[in-house]
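The values are calculated or read from the model by the stated rules, or taken from the named source; none is laboratory data. Note that the coordinates shown come from a computational prediction; the quantities given were computed from them, not determined experimentally. Note that we place each Cβ from the backbone using ideal geometry, even for glycine, and neighbour counts take in every protein chain shown.
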């Protein structure tokens, strides 16, 4: 009996050792290919995004369609890294789950996450793939309509959604005080319709979608320049993820080739006739 | 016939000397098990591979210090809403409870109204009420009514908690013995006078511990107002977390809540103990 257990043990130990060797060998050979053992699920590129996702970042709440700026970017990136289209797997999470500490269930997440130095202490970032202007959204009759300077805008009652850099923009760039903060963009628009706030700011593509679909009574009143302290959107990784270098290099090639810029013009076109307030 | 008395009295019970075993063993077992349980828990946490990262993200002193002013400022909002709501709830719930406990036939429609009120406001999640009141009523844009989220969120909390507190008051009113009512009526007091002079003073005293419990719960639930744009301690902490992805600000907020609720809990214990002592004294 005990002999048999010993044999069994020896066999399993041997098998495990062989397996470990095999993994080691695979790691040495296949770094930077779809079978890279450092991937969450080797053979697949696992990408996190929020649930729901909004146009124009991704259309129809369907990342798999590849229609929309961010999912088109992911599929282009996957191709650049050697993955087939079917090898891209999506994980749907909330923003809180994406930023939560602990092991992340994705290789990287794409969700218009702004890169800041403080955030980079606890998560990993790729290089910036898009930097958006900010747009002022307001309903007819709001005091911000016709504003010509930051000083005109400052006096209004502002609102913003948590987790966005819109709040930091309002407080640090515009100098607004007592900004009301809501759970999401929908809450901001509810407050606007309830007359509790006069205006909000959002990334220009978000604002274009919102004023076209979510709250058609509202309009974009003005365009504001990007925040110098906000580098723009980057891909989010677990802190110290060894994949960053590989993904980042592929992203760099796409940016250099002009592919990303092409996508910006395809999916995120702005109305050029909007007034711009820059100080 | 008187039974014969024993000639020698029974020996007195043997006096027990100081027994180290009975004095020390329970203490040793208690202390030892505390050390073992907390030691194992602490060891499990400290040896976890992710612990240094968790510590940096949740217990980072620099981030805690940086978040403290704004979180503390938000906590002032919590305190203000809590105190004002507490006063309003205390009065409004008492009105409801008294109306519900009035016995005249003429009061039937009012009793029914209070019953419906309690069914509705106790049956709905507080969060839902806060959203409905905070966004819904201002959106009606009724002239003359304030449209601040803080105001309507506070109203929602008062309406919701009054339903609970009304039931507590009522249980207190019901717990006063029927004889008290009869005695008061025998003295010629009216229905109102019976309630005010005979029933309520005893009822309130009986439910004081339960009320303290509700007050602590209310203090924490003020954080629900954050969903309608009120920047309370929790929301300020969340803002800090969203900006930096560091959770230490939430720990700061948790600390502030504990600073406020733990003294409340001890106060509630003390009130209960004093009340118990008073009753036992009366009974003896």
Scanning region A:113-136 for residues that are facing another protein chain (nearest Cβ under 9 Å) and part of a loop (DSSP other than H, G, I, E, B), which turns out nearest to residue A:265 (Cα to Cα)?
A:116
Condition met for residue A:145 (more than 28 Å from residue A:257 (Cα to Cα) and outside any strand (DSSP E or B))
yes
Going residue by residue through region B:206-224, is there one that turns out to be within 14 Å of chain A (Cβ to nearest Cβ) and within 30 Å of residue A:230 (Cβ to Cβ)?
yes
Every residue from region B:239-252 that is closer than 13 Å to residue A:160 by Cα and either buried (at least 24 other Cβ atoms within 10 Å of the Cβ) or more than 7 Å from every other protein chain (Cβ to nearest Cβ) (or both)
B:239
Of (1) buried (at least 16 other Cβ atoms within 10 Å of the Cβ); (2) more than 15 Å from the chain's Cα centre (by Cα), residue B:211 satisfies all except one. Which?
(2)
Being surrounded by fewer than 20 Cβ atoms within 10 Å (Cβ to Cβ) and in a loop (DSSP other than H, G, I, E, B) is the filter here, so list the residues in region A:242-267 that pass it.
A:242, A:257, A:258
Residue that is farthest from residue B:229 (Cα to Cα), among those in region B:56-81 that are within 10 Å of chain A (Cβ to nearest Cβ) and assigned to a helix (DSSP H, G or I):
B:56
Give the residue that is farthest from residue A:157 (Cα to Cα), with candidates limited to residues of region A:189-206 that are assigned to a helix (DSSP H, G or I), modelled with pLDDT of 90 or more and more than 7 Å from every other protein chain (Cβ to nearest Cβ).
A:189
Which residues, taken from region A:148-162, are more than 14 Å from chain B (Cβ to nearest Cβ), in contact with a helix residue (DSSP H, G or I) (Cβ under 9 Å, 6 or more places away or on another chain) and touching a residue at least 40 places away in the same chain (Cβ under 8 Å)?
A:150, A:153
Conditions (1) at pLDDT 90 or above; (2) in a helix (DSSP H, G or I) -> residue A:186 fails only (1)
Checked region A:167-180 for anything within 7 Å of chain B (Cβ to nearest Cβ), under 20 Å from the mean Cα position of the chain (by Cα) and crowded, with 21+ Cβ neighbours inside 10 Å; matches are A:167
In this structure, is residue A:213 closer than 22 Å to residue B:138 by Cα, outside any loop (DSSP other than H, G, I, E, B) and either at pLDDT below 90 or within 20 Å of the chain's Cα centre (by Cα) (or both)?
no
Residue that is farthest from the other protein chains (Cβ to nearest Cβ) [pool: residues in region A:86-95 that are in a helix (DSSP H, G or I) and touching a residue at least 40 places away in the same chain (Cβ under 8 Å)]
A:87
Assess whether residue B:103 counts as being farther than 30 Å from residue B:255 by Cβ and assigned to a loop (DSSP other than H, G, I, E, B).
yes
The listed residue being away from chain B (no Cβ under 14 Å), surrounded by 16 or more Cβ atoms within 10 Å (Cβ to Cβ), within 24 Å of residue A:256 (Cβ to Cβ) and within 16 Å of the chain's Cα centre (by Cα), out of A:106, A:83, A:69
A:69
Region A:229-240 - residue that is surrounded by fewer than 19 Cβ atoms within 10 Å (Cβ to Cβ) and out of contact with any helix residue (DSSP H, G or I) (no Cβ under 8 Å at 6 or more places or on another chain) and, of those, modelled with the lowest pLDDT:
A:231
